[in-house]
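The values are calculated or read from the model by the stated rules, or taken from the named source; none is laboratory data. If you're wondering where the values come from, they're calculated on a predicted model, not measured in any experiment. Every residue, glycine as well, gets a Cβ built from its backbone with ideal geometry; the counts of neighbours run over all protein chains shown.
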Amino acid sequence: MAYDRYVAICKPLHYGALMGSRACAHMAAAAWGSAFPYAVLHTASTFSLPLCQGNAVEQFFCEIPQILKLSCSHSYLREVGIIVVSTCFTFGCFVFIVVSYVGIFRAVLRIPSEQGRHKALSTCLPHLAVVSVFICTGMFTYLKPPSTSSPSLDLVLTVLYSVVPPAVNPLIYSMRNQELKDAIMSAFQKHQ
């Protein structure tokens, strides 16, 4: 998404060439190709844990920190390994997003009209907010010490990084659609 916004704002005349189906397929393949080994690492690590405190997690999300609480083995090295790999993946994505948004904001600041800057920023800021919520809550969830853990805090953080971003993204991008705005406005006017 960050690269798409970057190309749309910084290189609008080249958008069709840079964001063609081939580029989209390469980006999807890169995302899936990097996510697959990461998922295999988590799955293999989780299935190799000996569970001695039952098999019921404290919340309805089956998250890695919740499963680690059930383990009777000292999983310090396993946790460190997963955290290192997760940090590398997250840091790589984060750097890519930051570099894209630095380019976007530099291009937006060069737009002479106030309306043009507003339109460009209204496209980017919601995406940046959703990505920030996802990354910050995910990092806090996985990097906080277990001693500061409480079931209610864990549940809130899990909802914030696993439910809110996927639910809000379609809403953010569909609200830019004028037909949808008109339909919502007519629905509100009928009920008044």
Task: region 125-145 residues that are outside any helix (DSSP H, G or I) and among the small types (Gly, Ala, Ser), paired with ones that are at pLDDT below 80 and surrounded by 17 or more Cβ atoms within 10 Å (Cβ to Cβ) (beta carbon under 6 Å, 6 or more apart) - done: none
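Name the single residue that is nearest to the chain's Cα centre (by Cα) among those in region 1-50 being outside any helix (DSSP H, G or I) and either modelled with pLDDT under 80 or farther than 23 Å from Val95 by Cα (or both).
In this case the residue turns out to be Met1.
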Open item on the list: For the list (1) within 30 Å of Leu157 (Cα to Cα); (2) at pLDDT 70 or above, I need the number of the one condition that Arg110 fails.
Closed with: (1)
Task: Breaking point among (1) within 20 Å of Thr141 (Cβ to Cβ); (2) at pLDDT 80 or above; (3) β-branched (Val, Ile, Thr); (4) out of contact with any helix residue (DSSP H, G or I) (no Cβ under 9 Å at 6 or more places or on another chain), for Ile97 - done: (4)
Open item on the list: Any residue that is modelled with pLDDT under 75, over 23 Å from Thr158 (Cβ atoms) and in a helix (DSSP H, G or I) - is there at least one of those in region 66-86?
Closed with: yes
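In region 107-124, what residues are exposed (fewer than 11 other Cβ atoms within 10 Å of the Cβ) and in a helix (DSSP H, G or I)?
Step one: filter region 107-124 for residues exposed (fewer than 11 other Cβ atoms within 10 Å of the Cβ), giving 109-110, 112-115.
Within region 107-124, Leu109, Glu114, Gln115 qualify.
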- [ ] Could you please let me know if Ile104 is surrounded by 14 or more Cβ atoms within 10 Å (Cβ to Cβ) and not in a helix (DSSP H, G or I)?
- [x] no
Open item on the list: Just to verify a result, which residue in region 1-21, among those that are among the charged types (D, E, K, R) and within 10 Å of Ser100 (Cα to Cα), is surrounded by the fewest Cβ atoms within 10 Å (Cβ to Cβ)?
Closed with: Asp4
- [ ] Filter region 154-192 down to residues that are more than 30 Å from Leu121 (Cα to Cα) and modelled with pLDDT of 80 or more, then give me how many there are.
- [x] 1
